[in-house]
Amino acid sequence: MLVGSYQVRSFQLSDYVHVTGLFKNVLTEECYEETMAAFARQLSWDSELVLVAEEEGTIVGVIVGTIDNHNGYYYRIAVEQDHQRRGIGQALIESMRRRFVQRKVRRIMVTVDAHNEVVLAGL
């Protein structure tokens, strides 16, 4: 899906180094470790639920989703800091939502953990 000057597409194995670098740049060290473990599990289960946003050949965003018990979960989203506030995160979320709908999940949920300080502050 082409949105603005970036494209949202399925993760490819050749994206691995760029995606792990993006996670390292954006996430705290503890969050990075947890995310990498979940990322590896998701790739082994269903790599179609990992999407990237690419701009001019560079990966600037990633979202990891998962399906458990017919529920879709947004697990982790990360956008490079200099690309934030441009709609990339929203496009990733919407693209993942469409994947969940295609898979006929019953509900779509957002995973909230201690690393979501911004989200937790609003609860």
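The values are calculated or read from the model by the stated rules, or taken from the named source; none is laboratory data. From a predicted model like this one, the values you see are computed outputs, not experimental measurements. Every residue, glycine as well, gets a Cβ built from its backbone with ideal geometry; the counts of neighbours run over all protein chains shown. Accessible surface areas use protein heavy atoms only, side chains included; no ligands, DNA or RNA. Shrake-Rupley method; radii C 1.70, N 1.55, O 1.52, S 1.80 Å.
List every residue pair whose Cβ atoms sit under 8 Å apart, with the two residues 6 or more apart in sequence or on different chains, where the first one lies in the range 28-45 and is within 20 Å of Glu80 (Cα to Cα) and open to solvent by 10 Å² or more (accessible area, probe 1.4 Å) and the second, anywhere, is at pLDDT 90 or above and assigned to a helix (DSSP H, G or I). Hits for this filter: Tyr32/Phe23; Tyr32/Lys24; Met36/Thr20; Met36/Phe23.
Can you pull out the residues in the range 57-85 that are farther than 25 Å from Ser14 by Cα and open to solvent by 80 Å² or more (accessible area, probe 1.4 Å)? Residues satisfying the conditions are Asp68, Asn69, His70, Arg85.
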